[in-house]
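Here the structure comes first, spelled out in structure tokens, and everything after it is commentary.
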């Protein structure tokens, strides 16, 4: 028998979100807190505090939560309970399952999954992929990764790293920096586009566009704003990103034959305006029969997909006991 409420926790490299969620996907007592500092133990302390606040609010309203789902960044090994999340100092082969158990109320059944897998659960439960058995969720934000659903099963891979889409190679020319981020992430993630913009500005002595005044504070939104103003560097960067996004998606379509590719992350968002152009680029490179049966759509869940997926994970696990 399905329980009525679960606790959902979405751990990211810069913030944690916590909420009670009911079996219809409705939120209660939702909180989001950015970390004041990002060392491993300080992140855990922030997570502990937010869980305690939400749990107390739930109990004050007569809701006792016994199951929790947790979405974690990076690579999570559900055999060892360890995580590799390089954007949180100290979280390399970090025993996250052991540490999280200590943060929840006693007798809470805790279930953990990587964020890209939770995004799949979120989309198939409350998002753009209800009833879908073959899909790709492509996250394009500060980094790039993909959740993969094949014949109703989430692919994790031998080392639980399946979906490392940032390492998609789209050029025979190798740059040493690709070793740490991968080609696609280097050229077409949020962090990558900002870095490329700064390099172009520094190497264009005659450039006098709107991005020049931003200096080291330049961010992704500045590039989108400059694109609207027809800034030459912004146009060049975004046009190349659209090409790389389309090519990478085409490779996934030809390899996996999904029914849907859903694209999300902090760039989509503002880059949703380019979906039709990404489709055009994707169509050039995709296997023709695979292309006929696939749709490319932006997420409808905003930045909540992994939190919704964490809730879904808890509900699924509650049925297995």
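What follows is calculated from the coordinates using simple rules that are stated; it is not laboratory data. Only a predicted model underlies this, so the values are computations on that prediction, with no experimental measurement involved. Cβ: placed from backbone, ideal geometry, glycine included. Neighbour counts: every protein chain shown.
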Sequence-separation-based contact order of the chain, relative, with Cα cut under 8 Å and 6+ spacing, percent: 21 percent
Two-site FRET efficiency, residue 37 against residue 292, from Cβ-Cβ distance with R₀ of 51 Å, rounded to 0.05: 0.50
Ascending count of other beta-carbon atoms within 10 Å, so fewest first, for 71, 213: 213, 71
Simple spin-label estimate for residue 240 and residue 167 in nanometres, 7 Å along Cα-Cβ: 2.3 nm
Fluctuation leader among 162, 311, 226 - the chain, Gaussian network, Cα springs under 10 angstrom: 226
Residue order, fewest to most surrounding Cβ atoms within 10 angstrom, among 91, 167, 125: 167, 125, 91
Pairwise Cα inverse-distance average, inverted: Kirkwood Rh of the range 1-78 (Å): 13.1 Å
Förster radius 51 Å - calculated FRET efficiency between residue 107 and residue 212, Cβ distance, rounded to 0.05: 0.30
Most mobile of 102, 259, 297 in a GNM of the chain (Cα contacts under 10 Å): 102
Selected from 147, 309, 190 as most flexible by GNM, with the chain as the system and alpha-carbon contacts under 10 Å: 190
Fully extended contour minus Cα-Cα distance, from residue 229 to residue 203, at 0.36 nm per residue: 7.3 nm
Answer label, with Rg and Dmax of the Cα atoms in Å calculated from the coordinates and candidates (i) 25.3, 74; (ii) 19.5, 65; (iii) 20.3, 68: (iii)
Likely footprinting exposure, 49, 222, fewest C-beta neighbours within 10 Å first: 49, 222
The range 131-298 - Rg and Dmax from Cα coordinates, angstrom: 16.5, 54
Potential lengthening between residue 13 and residue 177 on full extension [0.36 nm per residue; Cα-Cα distance subtracted]: 56.9 nm
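For residue 63 and residue 257 in one chain, what is 0.36 nm times their gap in residues minus the Cα-Cα distance, to one decimal in nm?
65.6 nm
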